[in-house]
Amino acid sequence: TPVQIKEFGAVNKIDFSPIPPYNYAVTASSRIHIYGRYSQEPIKTFSRFKDAAYCGTYRDDGNLLVAGSEEGSVHLFDVSGRAPLRQFDGHTKPVHVVGFLSDKYRIFSGGDDYSSNLWDIPSATEIVSYSEHADYVRCGCASKVNADVFITGSYDHTVKLFDARTKSSVMTIEHGQPVESVLLFPSGGLLVSAGGRYVKVWDVLKGGQLLVSLKNHHKTVTCLCLNSSGQRLLSGSLDRHVKIYSTTSYKVVHSFNYATSILSLALSPEDETIVVGMTNGVLNVKHRKPEERKEKSGKKRQPAYRTYVKGRTYMPKQEDFCVSKPVKRVLRKYDKLLKSFQSSKALDAVLEPPIRLYTPEVTVAVMQELHHRGTLRSALAGRDEKQINLLLTFVARRVIEPRFTPVLVTVADMITDIYQPVVGQSPIVDRQFLRLQEAIGKEIDYQEELLEVLGMMDTLFATFTKKGTTYLEENKSSGLTETFETN
């Protein structure tokens, strides 16, 4: 269940400390509040701002915090103190984006005066100022790989990559809409920009080539975030949704729905907490459910021997009523497949060696059942060389048995019809067809011989019957009658 915390104004930035216990800084109105992981009240507040504060961001060691302000100055705080350690003045309009370079001794900032500045912390002086954007600079990030590289995004629809060693930007990427958020992958090779309804991924190493454009929100995307492993990209939008993308396929794998438009979003370093800041000043904190520890279950203990022999020697008495337990009927594999109307698999099951060789009547019975159902043809179709070879071997061997002949002749006809177009493509199948032809030819010859023998026998029987009748007629005509009387 999410925790709701009410702030004084719209939450424009949330940033987690990179070191345990992973507190997070929330910038809203003219204050920066530091919250503990599970605290619902701020454990520390920085309120030395004359007007609105923006973009409170931690340094990599978690000891310093930098923030921009409405009056155009950049403030640097020690997390353990209250008053600003440094104040950098140089912008003439509000500063909405600030951050540390990865060397920890320089700060970059971007303001509504269209400029991007670089500051030196020890001397509190401006190192260089870039005025290349044509509109408000509202987002930025620093490279973790190169201490001289930082990136800014502006409402002039561009994202610019700056190198502190040069006097001008080294790369300009055209996003196409006012840029609200930018993000660099930890490797430094991929850049993500958000603006309008689009989240776009660019390959920096290929000169800013567009890799993918995501359009999953139906209002402006305001914030971006990566998880600790870089496998999930999160985006928050004014449409009240947080979308979670897989960075391998860039497909949406999950989505969160919130009550109001989302301005800021942050994920804790070990992905245990997600904090979302909204336009109505509400901070929504969700914690991952703790994984339930599975008890180590050893090997299941078997019942004792006495459990099995209990009651074996009991003799029923005369008044006892014996209840017979119904015998559970276990279906064979082919019966189960027939019940579930899987014709082809049922035929495969009865063509296995134990059934095909020792109980061929079962194989033929299943074929007959499939024929009655009208699915025999579909069960025989679509088979490979090995399966056709098996079928033809069985049919050629058993078709001459009188009890199987009616069914197997039908099966042979169907196989011939189905696989006639592929005759000549497989020597194995062709050989089996020839064996089948040979077996049927021999059987026809045998039947012809039997019919000839039957004809001979019919003639003989007819002859014997005729001779017997003549003898009786002769006896009758002579009038000789013999009577035997027995006692």
- Message: Could you check the range 242-260 and list, in sequence order, the residues that are under 20 Å from residue 182 (Cβ atoms) and over 19 Å from the mean Cα position of the chain (by Cα)?
- Response: 242
- Could you tell me whether residue 193 is under 16 Å from residue 262 (Cα atoms), open to solvent by less than 20 Å² (accessible area, probe 1.4 Å) and touching a Lys or Arg at 6+ places or on another chain (Cβ under 6 Å)? no
- Kindly indicate whether any position in the range 37-48 is assigned by the TED database to the domain that holds residue 226, touching a residue at least 40 places away in the same chain (Cβ under 8 Å) and touching a Phe, Trp or Tyr at 6+ places or on another chain (Cβ under 9 Å). yes
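Scan the range 287-297 and give yes if some residue there is within 22 Å of residue 55 (Cα to Cα) and either among the β-branched types (Val, Ile, Thr) or at pLDDT 90 or above (or both), otherwise no.
no
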- Based on what the data block shows, is residue 421 modelled with pLDDT under 90, open to solvent by 40 Å² or more (accessible area, probe 1.4 Å) and either farther than 22 Å from residue 342 by Cβ or among the hydroxyl-bearing types (Ser, Thr, Tyr) (or both)? yes
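For (1) exposed (fewer than 10 other Cβ atoms within 10 Å of the Cβ); (2) basic (Lys, Arg), each residue gets a yes or a no:
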{"residue": "314", "(1), (2)": "yes, no"}
{"residue": "329", "(1), (2)": "yes, yes"}
{"residue": "334", "(1), (2)": "no, no"}
{"residue": "374", "(1), (2)": "yes, no"}
- residue 403 vs. criteria in the same structural domain as residue 444 (by the TED database), in a loop (DSSP other than H, G, I, E, B) and at negative phi: yes
- Query: Inside the range 117-132, can you point out the residues that are among the hydroxyl-bearing types (Ser, Thr, Tyr) and part of a strand (DSSP E or B)?
  - Reply: 125, 129, 130
- Tabulated pairs, the range 124-153, first within 20 Å of residue 105 (Cβ to Cβ), second among the acidic types (Asp, Glu) and open to solvent by 10 Å² or more (accessible area, probe 1.4 Å), C-beta under 6 angstrom, 6+ apart or interchain: 127/120; 147/103; 148/163; 149/163
- Only one of these is without any contact (Cβ under 8 Å) to a residue 24 or more places away in the chain and not assigned by the TED database to the domain that holds residue 256: 347, 357. Name it. 357
- Query: Mind checking which pairs have a first residue in the range 265-292 that is in contact (Cβ under 8 Å) with a residue 24 or more places away in the chain and among the charged types (D, E, K, R) and a second that is buried (at least 17 other Cβ atoms within 10 Å of the Cβ) and part of a loop (DSSP other than H, G, I, E, B), Cβ under 6 Å, 6 or more apart or different chains?
  - Reply: 271/227
- Message: So, residue 49, is that one open to solvent by 30 Å² or more (accessible area, probe 1.4 Å) and modelled with pLDDT under 90 or not?
- Response: no
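Per-residue answers, yes or no, for (1) surrounded by fewer than 20 Cβ atoms within 10 Å (Cβ to Cβ); (2) at positive phi; (3) outside the structural domain of residue 89 (by the TED database):
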site	(1), (2), (3)
104	yes, yes, no
118	yes, no, no
125	yes, no, no
132	yes, no, no
138	no, no, no
- Note on the structure: Counting only residues that are open to solvent by 10 Å² or more (accessible area, probe 1.4 Å) and farther than 13 Å from residue 273 by Cβ, the range 21-32 contains a total of 3
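The values are calculated or read from the model by the stated rules, or taken from the named source; none is laboratory data. The structure presented is a predicted model; accordingly, all values stated were derived computationally and were not measured. Using ideal geometry, Cβ is built from the backbone for each residue, glycine included, and neighbour counts are taken over all protein chains shown. Side chains included, ligands, DNA and RNA excluded: accessible areas come from the protein's heavy atoms. Shrake-Rupley method; radii C 1.70, N 1.55, O 1.52, S 1.80 Å.
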